[in-house]
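What follows is a single structure, written as structure tokens, with notes after it.
FYI, it's all coordinate maths here, none of it is from the lab. Since the structure is predicted, the reported quantities are computational estimates derived from the model, not experimental observations. Reconstructed Cβ throughout: ideal geometry from the backbone, glycine too, with neighbour counts over all protein chains shown.
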Amino acid sequence: MTPEYHKTAQADTPEDLKPDSHDRLRVELAERGYDIVVGRGLLDRAGRHLAPVLARPRVVIVSDQTVADLYLARLQSALEDAAISHRAIILAAGEQTKNFIHLENLTGRLLELKIERDTTLIVLGGGVIGDLAGFAAAVPLRGIPFVQIPTTLLAMVDSSVGGKTGINTAQ
């Protein structure tokens, strides 16, 4: 089934250019759907947007070192403002991270944190980390909820909205 996209807001006035403006797009799928939120200043308000949709106020953030150095503290602060407990797993940056060894390592680290089926995995980063962590979210406990906060243009328009994830293999 082809997903249907419904735009619920349109940024076309000076009011929409304020730092706290955003658009919400709804992707409807056969059995469920999800929202895509686009706008300015969302990272600093991530907790407010996430709190109503989390099954439980407990998340694990997965990011790479480069992105974590730039944005992790802001995301953690936004989560704390919304009373969402969080842990972070920081991986090496780069395409070489997107493989079976790192998938196994990340899955093991998630299990070491004693995640439960209602623990949400938040990915903060670009396409590489989004693919690896998205795949990892599907492995333990038959899958845990997964949210992407993309930090690159390609991740914003491709990997974070497509619903498919994967890793590189030798063949």
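By the Cα gyration tensor, the range 55-162 has an equivalent ellipsoid whose semi-axes, rounded to whole angstrom, run 19, 17, 13 from largest to smallest. For the peptides 22-34, 128-140, 56-68, the ranking by mean Cβ contacts within 10 Å, running from highest to lowest, is 128-140, 56-68, 22-34.
Could you please report the charge total around Ala93, scoring K, R as +1 and D, E as -1 over all other residues with beta-carbon less than 15 angstrom from its beta-carbon? Result for the local shell: -3.
Suppose every Lys and Arg Cβ carries +1 and every Asp and Glu Cβ carries -1, with no other charges. What dipole size does the range 55-162 come out with about its Cα centre, to the nearest 20 debye?
Working: 9 positive and 11 negative charges, 67 e Å.
Dipole about the Cα centre, nearest 20: 320 debye.
Highest mean packing comes first when the peptides 112-118, 90-96 are listed by Cβ atoms within 10 Å, giving 90-96, 112-118. When the range 62-150 is described by a simple charge dipole with +1 on each Lys and Arg Cβ and -1 on each Asp and Glu Cβ, the residue from Ser77, Leu103, Ile115 located farthest towards its positive end is Ile115.
With a Förster radius of 30 Å, plug the Cβ-Cβ distance of Leu70 and Glu116 into 1/(1 + (r/R0)^6) and report the FRET value to the nearest 0.05.
About 0.50, to the nearest 0.05.
Give the distance, in whole Å, between the Cα centre of the range 101-146 and the Cα centre of the range 60-77. What the calculation gives is 15 Å, centre to centre. Charge tally around Ala136: other residues with Cβ under 10 Å, Lys/Arg +1 each, Asp/Glu -1 each, net -1. Modelled spin labels at Asn105 and His22, positioned 7 Å past Cα toward Cβ, are 3.2 nm from each other.
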